[in-house]
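Computed from the coordinates by the stated procedures, all read-outs in this text should not be read as laboratory data. A quick note: this is a predicted structure, and the numbers were derived from the prediction, not measured. All Cβ positions, glycine included, derive from the backbone under ideal geometry; neighbour counts span all protein chains shown.
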Amino acid sequence: MKLAIEQANLSEPIETAYCVGAVLVKDSQILSTGYSRELEGNTHAEECALKKLHDIKEANGAIMYTTMEPCSKRLSGNKPCVERIMESGIKKVVIGIKEPDKFVKCEGISILQANGIEVVNVPELEEECKKTI
């Protein structure tokens, strides 16, 4: 999660979006990292980490560490991160904080859990994750 926080700090702050970091890990190996708006377009951290894989199948069975609850709705009309996570076969998502209701009502945790993906909150890093948004 510390690496995800470092990734979030690489995000260029803007008023209309959060700064989030993500790390994708499988078999104790880092597969990829991502941060908000790292790739062209209005990209989210989880989306960037997944897009940087050579093959999306690499994520099957992996763990996603993200500083904020993955989005369940995007105002831009882009595919929400929870859908990308479910499609990739990620088995577990570790989050730093829940997404605030500032832009949309996020239901990422409940959607992931309803689809058999384990979600773990890391309350001891909540304050550090809040500082990045």
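Structure data summary
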{"quantity": "14 Å beta-carbon shell around residue 120, net charge (K/R +1, D/E -1)", "calculated": "-1"}
{"quantity": "Neighbour net charge for residue 36 - beta-carbon separation under 10 angstrom, K R +1, D E -1", "calculated": "-3"}
{"quantity": "Kirkwood-Stokes translational diffusion coefficient of the chain, alpha-carbon pairs, 10 °C, 1.306 mPa s, µm²/s", "calculated": "112"}
{"quantity": "Total formal charge among the other residues, if their Cβ is under 13 angstrom from that of residue 101, Lys/Arg +1 and Asp/Glu -1", "calculated": "+1"}
{"quantity": "Highest-fluctuation residue, 26, 91, 102 considered, GNM on the chain with Cα pairs under 10 Å", "calculated": "102"}
{"quantity": "Separation between Cα centres of segment 44-58 and segment 90-133, rounded to whole Å", "calculated": "18"}
